[in-house]
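The values are calculated or read from the model by the stated rules, or taken from the named source; none is laboratory data. If you're wondering where the values come from, they're calculated on a predicted model, not measured in any experiment. All Cβ positions, glycine included, derive from the backbone under ideal geometry; neighbour counts span all protein chains shown. The accessibility values were calculated without ligands, DNA or RNA, using every heavy atom of the protein model including side chains. Shrake-Rupley method; radii C 1.70, N 1.55, O 1.52, S 1.80 Å.
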Amino acid sequence: MAGTPARPMLIRALEMIESSSVATGGIRCGRVAVDLGAGEGRDSAELLKRGWCVVAIDGEPEAARRMLARGDLEGRDRLKVVIAEFGSVEIPACWLLNAAYALPFCPAGDFEGLWRKCAAAVEPGGWFVGQFFGDRDDWAALTDRSHQTRSGVERLLVEFEVEIFEEEERDGADALGFAKHWHVFHVVARKRAAGG
């Protein structure tokens, strides 16, 4: 995915966050965004460009090398890169957790623990952006992936107010060009305040 722009769902979420924070003088100053499964940094670069402090997490050292080699990576002093696998990752407290196409690549046995860490890391009033692969996705039979039903995703989001919930099902191709049936839930959600 090298050289591709930030994912559209993150852009939509950032526009929502920025428009909701105008009255408070800006939400980004001093706020932390976690980019889980950051890869070569397409979303991290966008977050840095918009002034966020970013913790970019990925399990592949090569991903970190490629990210740090990007020519468009502004604000490197606000970037922390962490190499960690899903099973052992520690996710810091954050105002925004971006998990763009990351959670489905968590082995099923580690998924519940990872999701608990994700939900706990998002501060009250903060935001989650990400995708879940559905149970009708071609990759649902692969044991190193995690897939959810619609009701399962809704249960995962019980601590959040859902702002965007889009279910996509289509035939297409994967990143390598192989034919694939996609079943994806795209989510933007805001963590409820304590007691909310």
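Scanning segment 137-182 for residues that are free of Cβ contacts under 8 Å to residues at least 24 places away in the same chain, within 24 Å of residue 14 (Cα to Cα) and in contact with a His (Cβ under 7 Å, 6 or more places away or on another chain) yields 166, 168. Tell me, please, whether a residue that is closer than 24 Å to residue 59 by Cα and touching an Asp or Glu at 6+ places or on another chain (Cβ under 8 Å) can be found in segment 153-175. Taking every residue of segment 153-175 in turn, none turns out to be closer than 24 Å to residue 59 by Cα and touching an Asp or Glu at 6+ places or on another chain (Cβ under 8 Å).
The one condition from (1) touching a helix residue (DSSP H, G or I) at 6+ places or on another chain (Cβ under 6 Å); (2) more than 17 Å from residue 102 (Cα to Cα) that residue 185 does not meet is (2).
Applying the selection to segment 133-164, what residues are in a strand (DSSP E or B) and open to solvent by 50 Å² or more (accessible area, probe 1.4 Å)? If the condition is that a residue be in a strand (DSSP E or B) and open to solvent by 50 Å² or more (accessible area, probe 1.4 Å), then 161, 162, 163 are the ones that fit. Candidates are the residues of segment 1-39 that are surrounded by fewer than 10 Cβ atoms within 10 Å (Cβ to Cβ) and in a helix (DSSP H, G or I); the one that is modelled with the lowest pLDDT is 23.
Here is the figure for segment 146-196: residues that are at pLDDT below 95 and of a type in the set (Lys, Arg) total 1.
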